[in-house]
1. Could you identify the single residue in V134, V211 that is surrounded by fewer than 14 Cβ atoms within 10 Å (Cβ to Cβ) and modelled with pLDDT of 95 or more?
2. Please verify whether segment 3-22 includes one or more residues that are farther than 22 Å from G255 by Cα, of a type in the set (K, R), within 25 Å of the chain's Cα centre (by Cα) and surrounded by 12 or more Cβ atoms within 10 Å (Cβ to Cβ).
3. Mind checking which residues of segment 112-152 are farther than 26 Å from K45 by Cα, β-branched (V, I, T) and part of a loop (DSSP other than H, G, I, E, B)?
4. Could you say whether any residue in segment 159-170 is buried (at least 19 other Cβ atoms within 10 Å of the Cβ), closer than 23 Å to R37 by Cα, in contact with a helix residue (DSSP H, G or I) (Cβ under 9 Å, 6 or more places away or on another chain) and among the charged types (D, E, K, R)?
5. State whether the residues of segment 241-251 include one that is assigned to a loop (DSSP other than H, G, I, E, B) and charged (D, E, K, R).
6. Would it be correct to say that Y200 is of a type in the set (F, W, Y) and in a loop (DSSP other than H, G, I, E, B)?
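The values are calculated or read from the model by the stated rules, or taken from the named source; none is laboratory data. Given the structure is predicted, the values throughout are model-derived calculations rather than measurements. Please note: Cβ atoms are built from the backbone with ideal geometry, for glycine as well, and neighbour counts cover all protein chains shown.
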Amino acid sequence: MAFLDHVLQRPAYGWQDEQGNLIKPTVKQLFGEFFSRLNVFADRKNWLPFFSWFKVLCLIPFFFLFLFNYLSVWTVGAAFLYSMIIMGTHGTIWHHRYCTHGAYKFRNNFWRFVTQNLTISVIPEEIYVISHHVHHAKSDQPGDPYNAQAGFFYCFLADVNHQSIAKDLNESDYNRVKQLMRHTGVQANNYKQYQKWGSYVNPARAVLAWVLNWGFWYAAFYFIGGHALACSLFGAAGFWAVGVRTFNYEGHGKGEDKQREGVDHNVNDKSVNQLWPGIVAGEWHNNHHLYPKSARSGFKPHQVDMAWYYIKFMHTLGAISSYKDSKKNFYEKYYLPYLESKNGIVPVPVVVATPVNARRSGVLADL
């Protein structure tokens with residue numbers, strides 16, 4: 001069996017039937033699996049999904065304090081900016097393009113640490129990274145941990161039901177998990193610790209990192225704008241933490257074929273480019289599935305890519321040593337041939353840079 005076929009913990013209802021068709025569990029089955037996997041009293045190996053949702057629950061009081069104690073024009077504006085743009089863009093920069101796809105490299109561990117902690121910590125890297133490799137390998141197929149064809153709750157509850165690594169990996173397979181996570185800087189359990197906790201990350205280190213991250217950001221926000229700003233932005237982080245769980249359902253057309261000619265060029269799955277996620281978080285999802293290892297996904301002039309702007313800026317500063325940019329290849333292989341087929345005329349190609357490996361290349365002025 002291929003590694004990605006069994007690296008994730010199989011849900012009780014399974015991934016596919018005997019004929020290889022996607023199993024679409026009922027809502028009752030999905031919530032049954034959800035609460036079963038959150039039960040740390042039944043199995044301590046459930047600690048990581050429990051911890052992930054515990055952090056979300058801890059953000060809810062801040063959200064209500066924001067609504068009932070600190071609601072004003074400026075706090076609403078700050079919360080909107082933080083939840084819709086800053087949190088979303090950071091998720092793309094850190095979890096998506098770096099931790100999963102290695103689309104760029106940091107010059108040293110200091111800049112990696114800074115980027116990792118640019119925002120309030122919510123999503124554990126381990127839950128996101130390993131399952132996202134499976135998602136790309138099995139996109140919209142049985143085994144895809146957030147297959148939109150199985151419905152909204154299949155995706156919304158996926159971080160608990162489908163995204164945890166398996167608890168019974170042999171040492172060789174666990175070492176492969178470590179290889180996929182090593183560059184993130186998240187310290188790994190040894191194999192004996194993995195067998196005890198069922199996870200790559202150790203609970204003590206995860207809790208310590210969480211406390212330090214939240215403590216730093218609450219103090220920073222309080223220094224800038226008092227409890228009003230701190231509670232508003234922590235509440236905004238909670239709003240984002242819930243909302244982001246809907247993204248892959250929407251980003252894959254709610255399980256339907258919603259791709260548009262000339263807009264979505266990857267036809268190997270149901271991923272679609274959406275204007276709002278693209279603008280606020282750089283999530284031009286169909287482009288990303290076409291070039292998953294590219295540090296830029298906003299290829300066309302109107303496709304704003306805030307995550308790419310950060311990566312490019314950090315490269316200019318010397319904090320990022322190299323990156324991959326697939327814009328030139330996208331134009332040559334997909335977009336210009338499409339325009340030619342429609343108009344019979346090939347526009348002048350946009351000059352873009354190839355992947356940069358020097359500290360300051362002096363090229364790629366276009367963002």
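1. Of the residues listed, the single one that is surrounded by fewer than 14 Cβ atoms within 10 Å (Cβ to Cβ) and modelled with pLDDT of 95 or more is V211.
2. Within segment 3-22, none of the residues are farther than 22 Å from G255 by Cα, of a type in the set (K, R), within 25 Å of the chain's Cα centre (by Cα) and surrounded by 12 or more Cβ atoms within 10 Å (Cβ to Cβ).
3. Result: T119, single match.
4. Yes - at least one qualifying residue is present in segment 159-170.
5. no
6. Details: of a type in the set (F, W, Y): yes; in a loop (DSSP other than H, G, I, E, B): yes.
Yes: the conditions hold for Y200.
Listed here are the residues, each with its yes/no results for (1) among the polar types (S, T, N, Q); (2) more than 27 Å from L30 (Cα to Cα); (3) modelled with pLDDT of 95 or more.
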position	(1), (2), (3)
N147	yes, no, yes
C155	no, no, yes
A158	no, no, yes
N161	yes, no, yes
S172	yes, yes, yes
L180	no, yes, yes
H183	no, yes, yes
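The rows are residues; the columns are (1) surrounded by fewer than 20 Cβ atoms within 10 Å (Cβ to Cβ); (2) modelled with pLDDT of 95 or more; (3) under 21 Å from the mean Cα position of the chain (by Cα).
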position: F64; (1), (2), (3): yes, yes, no
position: H90; (1), (2), (3): no, yes, yes
position: H96; (1), (2), (3): no, yes, yes
position: N109; (1), (2), (3): yes, yes, yes
position: L118; (1), (2), (3): yes, yes, yes
position: D144; (1), (2), (3): no, yes, yes
